[in-house]
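Report on one structure; see the data block that follows.
The values are calculated or read from the model by the stated rules, or taken from the named source; none is laboratory data. Keep in mind that what you see is a predicted model, and the values were worked out from it rather than measured. Ideal geometry is used to build each Cβ from the backbone, glycine not excepted, and the neighbour counts take in all protein chains shown. Accessible surface areas use protein heavy atoms only, side chains included; no ligands, DNA or RNA. Shrake-Rupley method; radii C 1.70, N 1.55, O 1.52, S 1.80 Å.
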Amino acid sequence: MNTPQQGIFVEGNRYLHVLEYSVQSTVSPGRLGQAVAAGRKCKAQVVFAFGPQMWAQVAHDKMPSGFTDFQPLNGPKMKAPATQRDIMVWIHSAEHDDVLDAVLAIDAILSQETQRELDIPGFVYQDSRDLTGFIDGSANPKDDEAKREAALVPDGRPGAGGAIVFSQKWNHNLPKFNALPVTDQERVIGRTKEDSIELEGDAQPSDSHVSRTDLKVDGIAQKMYRRSFPYGTAGEHGLYFLAFACEQSRFETVLASMWGMDDSAITDHLLNFSTPVTGSYWFTPCEEDLDIVLV
Ligand code: HEM
């Protein structure tokens, strides 16, 4: 198996940052190579990912099957914008200064030929909770093999050892969510607030977030490996949703279910309390394929 970018699977770092760039026409391979080389020298974990057009320019023969731009979602009740960009850099570390060192080193190179579109510091809130107070990540695959199976393009396929990534910045309306009694909040998510215990049977609403996202297709659980993180200021705060999967169709299936664009036409109740403002698909190549940009 090829070597996945290590930072995908390193957990527990409390300081995070994401940078997204768009490219006007093209970015010179030398510039990308400098950025990757700089990232590899950083103390922080640095994960590079590319939008479909960018990655096709770099390594057309390593395009994962079905890897295409994110399209806007048009559900019966809710919409979501697509802001497909070209380069994403996800940085995390136990130390805030190591994160900022990496952000500055990489941005100094990339911003010479690209437009910086998104630049958000994030953090771990309490014991890995979303700002709504609910633990985020409970149903993530637990052991290393299950994580890799959910996240990585399997051996023998183009892009093997890399991962398809979906990212979406969400703005929360916390006053609206916090005005609900806790039992109603739990029915929005589908788990208890304190201990993240899944609601069972009739207690689990069909429009809860868990009901809309815990899916099987032809008997196969649509597992993904979520690494989302909270961000925020007084004026704007929420979740940078970030997840890795072996195939893009898993995201498409889950998003269609959340937006009521499947046969059920049921919209995820969470969409009444938080609003996505970006959305992109990315491919994060394995280290061996990332080496292509170094030459
Ligand atoms: C504001 C945005 C979001 C928030 C606050 C949020 C929060 C949560 C929480 C609290 C849980 C339950 C605990 C857990 O298993 O982690 C959960 C589960 C989950 N979420 Fe989200 N989520 C958001 C958006 C999304 C999006 C956009 C997707 C997919 C594209 C997604 C996919 C999932 C999946 C697959 C599960 C696990 C379901 C299961 O197997 O039980 N979430 N999320």
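Before moving on, here are some points about what is shown:
- Taken about its Cα centre, segment 6-294 carries a charge dipole of about 440 debye when Lys and Arg each add +1 at the Cβ and Asp and Glu each add -1 at the Cβ.
- Segment Q53-S264, extension gain: residue separation times 0.36 nm, minus the distance between their alpha carbons: 72.6 nm
- In this simple spin-label approximation, K216 and Q115 carry label points 7 Å from Cα along the Cα→Cβ vector, and these lie 4.6 nm apart.
- Annotation: lysines with alpha-carbon distance below 22 angstrom to K223 (same-chain offsets under eight excluded): K142, K147, K169.
- Calculated diffusion of the chain, Stokes-Einstein form, Kirkwood radius summed over Cα pairs, 20 °C and 1.002 mPa s, µm²/s: 110
- Degrees, to the nearest 10: 29-41 long Cα axis against longest axis of the chain: 70
- Carbon plus sulfur fraction of accessible area for segment 6-294, probe 1.4 Å, in percent: 50
- Take every pair of alpha-carbon atoms less than 8 Å apart whose residues are at least six positions apart; their mean separation over the length of the chain yields a relative contact order of 30 percent.
- In a simple Cβ point-charge model (Lys, Arg +1; Asp, Glu -1; nothing else charged), segment 147-209 has a dipole of about 460 debye relative to its Cα centre.
- Candidate lysines - alpha carbon under 22 Å from K176, same-chain residues fewer than 8 apart omitted: K77, K79, K193
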